[in-house]
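Rule-based calculations on the coordinates, nothing more; no lab input. As the structure is a computational prediction, the values presented were derived from the model and not from experiment. Methodologically, a virtual Cβ is constructed for each residue, glycine included, from the backbone with ideal geometry; neighbour enumeration extends over all protein chains shown.
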Amino acid sequence: MNTSATTPQPSRSVTWFAAIGWLRGYRGAWLRGDVVAGITLAAYLLPAGLGDASLANLPPEAGLYACLFGGLVFWLFCSSRHTAITVTSAISLLVGASLGEISGGDTTRFGALAAGTALLVAVIAFLAWLAKAGSIVNFISESVMVGFKCGVALFLASTQLPKLFGVHGAHGNFWENAGTFITNLHETNPYSITAGGIALTVLVLGKIFLKKQPVALFVVVGGILASEWFGLKGHGVKLLGEVPTGLPAIGLPAIRWEDLNELLPLALACFMLGAVETAAIGRMFTAKHGGRLDANQEFLALAAANLAAGLGRGFPISGGMSQSLVNEGGGARTPLSGALAAMIILVVVLFFSHLLAALPQPVLAAVVLVAVTGLFKVSTLRHLRHTNWTEYVVAMAALAGVLSSGLLRGVLIGAVISLVLLIRRASRPHVAFLGRIPGTRRFSDRERHPDNEEVPGVLIVRPEASLIYFNMDHVRDTITERLRTGSTPPRLVVLDLSAAAHVDMHSAHMLAELAAELTAADIRLRAVEARASVRDRLRNEGVEDQLGGINRFTTVEDAIEAFQESNPS
């Protein structure tokens with residue numbers, strides 16, 4: 001249902017504080033929905049913060065601080081009504097897998113580097129906002145993201161299953177982790193696997209029968225109670241450990257200038273993941289509820305949230321898909337629900353965080369495993385395999401990159417694959433050979449419509465892209481190959497430029513060279529239906545005459561009729 005008529009929409013003129021636009025027209029009737037959604041969202045963010053901090057190899061409070069400080073400012077700047085800012089499994093894994101070597105095993109330095117990464121992400125996001133680079137999120141294709149997320153899910157399983165079974169785990173790539181887990185399976189702690197198995201079962205059943213309910217929160221509370229009642233620590237079950245009460249010292253983390261160069265690739269990867277995920281969430285809700293998403297404004301919101309998370313001893317954050325769905329399902333009407341959720345986390349951090357110390361690690365591992373099951377999209381991979389083999393191969397390459405080279409390199413591999421695909425597609429545009437639509441004066445692609453009529457003695461060509469130096473060779477080769485393999489050489493080639501928004505200098509001169517080659521073979525070339533900017537370019541390059549004269553009046557049919565009148569059969 002489209003609720004854009006009853007829910008406040010962002011102003012067309014973006015302000016520093018987008019919240020001003022929301023609050024200016026705020027209605028009291030919306031407060032109940034925002035309060036309920038805020039409470040529900042907080043119930044999801046608390047276990048997510050703990051679990052993802054574990055993935056990032058950080059103390060549990062780091063996840064709470066990231067959600068707290070990021071949530072307190074994100075709502076002020078975002079343009080999406082339902083997007084919830086949070087720690088995410090993909091970014092947390094990326095941080096945990098990348099900072100170990102840089103930190104040299106120093107846990108204090110590890111936390112400082114994680115906070116410094118968040119600050120770098122904030123700087124990158126702010127620069128992207130200044131440059132109005134909202135379209136940057138489209139450079140990583142969906143197929144690459146599918147493969148990357150599947151790889152993340154498998155890597156995640158290799159890190160959490162040892163905790164679930166209570167066995168020793170490795171801290172390497174997927175294959176090393178999986179090998180160590182299988183080797184140590186005989187050491188499984190029965191109390192650990194029982195506690196984790198029960199938690200896993202409850203979470204899976206809750207995912208099926210109690211959708212959009214805070215089942216994870218009840219599992220966390222139940223795990224803490226079970227730990228105290230049954231003395232799980234005495235049976236060798238690892239617990240979460242002490243979670244400090246109160247707020248951390250706010251300020252810049254203790255990192256060196258030379259650390260920034262080492263953190264920059266990680267920060268770029270975190271920014272790309274966060275930007276893509278946050279924009280995808282916003283687009284999804286905009287399509288569902290109406291309104292307008294400003295991708296550039298989301299960059300500003302990400303910058304503010306990561307700045308707050310970094311100063312508050314957290315780590316990089318972004319929009320979270322499952323948390324945003326919970327926020328929407330809870331009845332959120334404006335971004336105020338995110339601020340209310342952050343306030344609830346603040347109360348927990350100030351007064352109740354000590355209660356989390358007894359949480360069993362196997363229960364937390366179960367929460368993490370179930371929370372990211374949506375990352376491994378088997379159905380999407382299967383769909384790609386049957387509908388688009390190229391994109392399926394790309395997704396599998398991204399997946400293999402994550403498993404073999406680690407998360408950071410996996411992100412970079414995915415970005416490179418996306419750019420290579422983009423360049424490949426741009427360099428090999430479709431060149432349509434046209435025929436007359438029966439009974440009309442119009443022409444369309446004969447490959448798609450075999451019933452279109454071929455005009456005797458005429459070859460009609462339409463390049464379906466701008467003609468630029470890196471794709472002109474393909475266009476020219478396609479035309480000459482068709483001329484070479486055709487049963488009867490045409491006497492006229494009509495070049496329909498209606499689909500070419502731009503022609504550069506190189507391509508203009510290559511068209512003139514093609515015309516000269518055709519003239520030598522007693523074939524005329526006539527360019528028609530060029531746009532104004534293309535006509536200007538061809539005239540400025542002095543190739544107008546070689547292409548049969550350029551004007552805005554001559555159509556494909558006009559060129560054919562003129563040819564037939566001057567060359568009666």
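The table below lists the values:
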{"item": "Projected label distance in nm at residue 383 and residue 230, using a 7 Å step from Cα toward the beta-carbon", "result": "4.0"}
{"item": "Over 29 Å (Cα to Cα) - which of 132/377; 163/211; 149/211 fall in this group", "result": "132/377"}
{"item": "Helix-only [θ]222 nm of the chain, DSSP H runs n ≥ 4, -39500 (n - 2.57) each, per residue, nearest 500", "result": "-20000 deg cm²/dmol"}
{"item": "211, 377, 149, 233 arranged by Cβ crowding within 10 Å, fewest neighbours leading", "result": "211, 233, 377, 149"}
{"item": "Sites residue 252 and residue 448, calculated FRET efficiency, Cβ-Cβ separation with R0 56 Å, nearest 0.05", "result": "0.40"}
{"item": "Sites residue 343 and residue 473 - FRET efficiency at Förster radius 51 Å, r taken between beta-carbons, to 0.05", "result": "0.25"}
{"item": "Two-site label geometry, residue 501 and residue 182: point separation in nm, points 7 Å out along Cα→Cβ", "result": "5.0"}
{"item": "Inter-site label distance for residue 516 and residue 487 at 7 Å from Cα along Cβ, in nm", "result": "3.4"}
{"item": "Listed values (i) 21, 56, 22, 1; (ii) 15, 33, 28, 14, 7, 2, 1, 0; (iii) 19, 41, 24, 14, 2, 0, entry calculated as P(r) over Cα pairs in 20 Å bins from 0, in percent", "result": "(iii)"}
{"item": "Pairwise FRET efficiency - residue 131 versus residue 567, Cβ, R0 = 51 Å, nearest 0.05", "result": "0.40"}
{"item": "Nearest-20 debye value, the range 431-566 charge dipole, Cβ charges on Lys, Arg, Asp, Glu", "result": "200"}
